[in-house]
């Protein structure tokens, strides 16, 4: 495979990754590796594909292999930094990702993606964690400056979405929504932009708007778990009477499908505690003794909150499935 053909394969693989066609990208990359098993950039992109498929352990292994082949390539270092952020554990991994991110950002000080990686690396760094525990705000200000730089240089849709997600973490919903709208103008097919806007709408208690935005995100990426969670939260919060139960609903929704299985077991345990406590209190009342009302009351309230939250989450998911059937395209 000559240099021109190799460059064409790499461009095609990156375009397929951007489009979400991970399997197609992996086929291209493996063809490149069949011609040259030491192609560092192909290995790095393959590692990125593994992370997109949630195979973090394998992704980190491939990213390290790519770095052994060509440790100075910007793409290789960027993907290794990302791999360490996603799968690296321990003090050494945090120090390594910070060093890589600082070197890459220093070489390309106007690359928004590299600056964003530096912000994440600093947030994960051992120094930042120690400073945060001691209440030293200087490190926090430094991270914010890096995020501001990433926003200033962001021009691609994914760069804008990355910074928007960081603004969500800061509870800066106005800035997050503005960045997501800019990303939508450049590429209206990215579900992440709609997800960010849905999060912002939920924060402003615009539940109907959040539901419509999350529904659009799900149409663009069917089966996406984050979109389903946003839909369920928006549907459940549309009833003002359920507002006190919102934390419990969110907890079940964040567990996704597993929550629908695990929650009944936990509710059953709460019910057993309440039944035993209530039986104990009734027995003491029969003996003309003071009952231990606190335990019965606390377990009863917890049981009611859990049952209402669970039933609301299930009902919301059923309603969402019905809505999805209504908007699905006809079969030709």
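Where a number appears in this text, it was derived from the coordinates with a stated rule and is not lab data. Just so it is clear, the structure is predicted and the values come from calculations on it, not from any experiment. All Cβ positions, even for glycine, are placed from backbone atoms using ideal geometry, and neighbour counts span all protein chains on display.
Inter-label distance, residue 53 to residue 68: 2.1 nm, where each label sits 7 Å from its Cα along the C-beta direction. The ranking of 265, 304 from fewest to most other beta carbons within 10 Å of each one's beta carbon is 265, 304. Sorted from longest to shortest, the spans of the Cα atoms of segment 172-238 along the three principal axes equal 32, 27, 15 Å. If R0 is 51 Å, the Cβ-Cβ spacing of residue 239 and residue 11 corresponds to a FRET efficiency of close to 0.55. Each peptide in 288-296, 160-168 was scored by the mean count of other Cβ atoms within 10 Å over its residues; highest first, the order is 160-168, 288-296. Axis of helix 293-327 versus longest Cα principal axis of the chain: the two differ by about 50°, to the nearest ten degrees. The gain in end-to-end length when the residue 204 to residue 4 segment is fully stretched comes to 66.9 nm, 0.36 nm per residue minus the alpha carbon separation. The peptide list 51-63, 196-208, put in order of mean Cβ contacts within 10 Å with the highest first, becomes 196-208, 51-63. What is the helix-to-structure angle for 112-124, meaning the angle in degrees between its Cα long axis and the longest Cα principal axis of the chain, kept from 0 to 90 and rounded to the nearest 10? In the chain, helix 112-124 runs at an angle near 50 degrees to the longest axis.
As a proxy for reagent exposure, ranking 22, 120 by other Cβ atoms within 10 Å from fewest up yields 22, 120.
Please find, in a Gaussian network model of the chain (springs between Cα atoms separated by less than 10 Å), the residue of 24, 90, 223 whose mean-square fluctuation is greatest. Comparing 24, 90, 223 in a Gaussian network model of the chain, the most mobile one is 90.
For n ≥ 4 DSSP H runs only, could you compute -39500 (n - 2.57) per run for the chain, divide by its residues and tell me the 222 nm figure to the nearest 500?
Calculated mean residue ellipticity at 222 nm is -26500 deg cm²/dmol.
Seen against the Cα atoms of the chain and their longest principal axis, helix 191-203 is set at about 40 degrees. At q = 0.08, 0.12, 0.13, 0.15 Å⁻¹, what is the log10 ratio I(q)/I(0) for the chain, with the Debye formula run over Cα points and no solvent? Log-scaled intensity ratios, in q order: -0.52, -1.00, -1.11, -1.30.
What ranking do 307, 228 get, fewest neighbouring Cβ atoms within 10 angstrom at the top?
Details: 307 17, 228 21.
Ordered by Cβ neighbours within 10 Å, fewest first: 307, 228.
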